[in-house]
Amino acid sequence: MNKATRKAIIAGNWKMNKTRPEAKALLEELKGMVADIKTVEIVACVPFTNLETALAATEGTNIKIGAENCHFEKSGAFTGEISADMLAEMGVEYVVLGHSERRQYFAETDETVNKRTKAALAAGLKPIVCVGELLWERECGITEEVIARQIKLDFFGIEAADLKKCVIAYEPVWAIGTGKTATADQAEEVCAFIRATLAKLYGADVAETITIQYGGSMNAANAAELVSKTNVDGGLIGGASLKAADFTTIIKAAEVG
Ligand code: PGA
């Protein structure tokens, strides 16, 4: 199996952006632009407050909706949190987990990412699990150690059948929101390493089926080169997903890629 047989997924990560009217306007614009796209899975991961609006705006279209996080418990005294079941019940399909901003600003650890991934899978959601090294970790030459550790911990106890429902996003932390994109070769190197790590844990056949995205300052200008790489099966897009035309260009690049 190779890239051509894996699903290319381009997911927007809106982060803490867009009110409901703004979300509706962006999705209305986007859906017209991408209506004829068939070979790329298009996902918009939006703030919790926009989920209902986004689901309504994209009903019957080729745009899938995701959330940006979920809690690992089913319910209970966790003020301000949202469970995986709450998302699934709404019709949400994807959820971003372990984003570096969650790890950095909200003290998330590989242990909680692992628990969230299990909770999301149990609820029938498709997790987009983010991994990536800090700049100083890259500079110290331990990128592969960091990534292997994250993969092993974040997917600990997850069976192959469930892993196949997951997407992995390689997001070097130094490239997120900084305008500093990893080169296509750097992205390919780590995405290939992630696949090799999965092959050791789950076997090559399973590893070959997993969609591995690149994320970090991916934009309309650099997307084509990134997604042309053998092990880069799409992207998780922050800033550039907030503009319908730019996001569409990235999606079209993945169609060819
Ligand atoms: P960026 O964000 O594209 O704005 O760098 C990517 C992400 O955080 O997923």
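The values are calculated or read from the model by the stated rules, or taken from the named source; none is laboratory data. A quick note: this is a predicted structure, and the numbers were derived from the prediction, not measured. Cβ sites come from the backbone with ideal geometry, for glycine too, and all protein chains shown count toward neighbours. Each accessible area value is taken on the protein alone, full model and side chains, heavy atoms only, with ligands, DNA and RNA left out. Shrake-Rupley method; radii C 1.70, N 1.55, O 1.52, S 1.80 Å.
Details
- Residue list for segment 113-133, restricted to those being under 16 Å from E189 (Cα atoms) and of a type outside the set (G, A, S): V131, E133
- In segment 135-173, the residues that are within 15 Å of the ligand (Cβ to nearest atom), open to solvent by 30 Å² or more (accessible area, probe 1.4 Å) and touching a residue at least 40 places away in the same chain (Cβ under 8 Å): V173
- Unmet criterion (only one of (1) within 24 Å of K200 (Cβ to Cβ); (2) more than 16 Å from the ligand (Cβ to nearest atom)) for A123: (1)
- Among the criteria (1) within 29 Å of R149 (Cα to Cα); (2) away from the ligand (no atom under 16 Å from the Cβ); (3) surrounded by fewer than 20 Cβ atoms within 10 Å (Cβ to Cβ), the one G239 does not fulfil is (2).
- Any hit, segment 228-236, residues being assigned to a strand (DSSP E or B) and either away from the ligand (no atom under 11 Å from the Cβ) or of a type in the set (S, T, N, Q) (or both): yes
- Count - residues of segment 177-193 that are more than 16 Å from the ligand (Cβ to nearest atom) and either open to solvent by less than 70 Å² (accessible area, probe 1.4 Å) or modelled with pLDDT under 95 (or both): 3
- Unmet requirement for V129, which otherwise passes all of (1) of a type in the set (A, V, I, L, M, F, W, C); (2) part of a helix (DSSP H, G or I); (3) within 16 Å of the ligand (Cβ to nearest atom): (2)
- Number of the exception - D233 against (1) of a type in the set (D, E); (2) open to solvent by less than 10 Å² (accessible area, probe 1.4 Å); (3) more than 30 Å from A25 (Cα to Cα): (3)
- Residues of segment 212-228 that are within 14 Å of the chain's Cα centre (by Cα) and either open to solvent by 10 Å² or more (accessible area, probe 1.4 Å) or not β-branched (V, I, T) (or both): Q213, Y214, G215, G216, S217, M218.
- Within segment 109-126, considering residues that are under 16 Å from S83 (Cβ atoms) and part of a loop (DSSP other than H, G, I, E, B), the one least open to solvent (accessible area, probe 1.4 Å): L125
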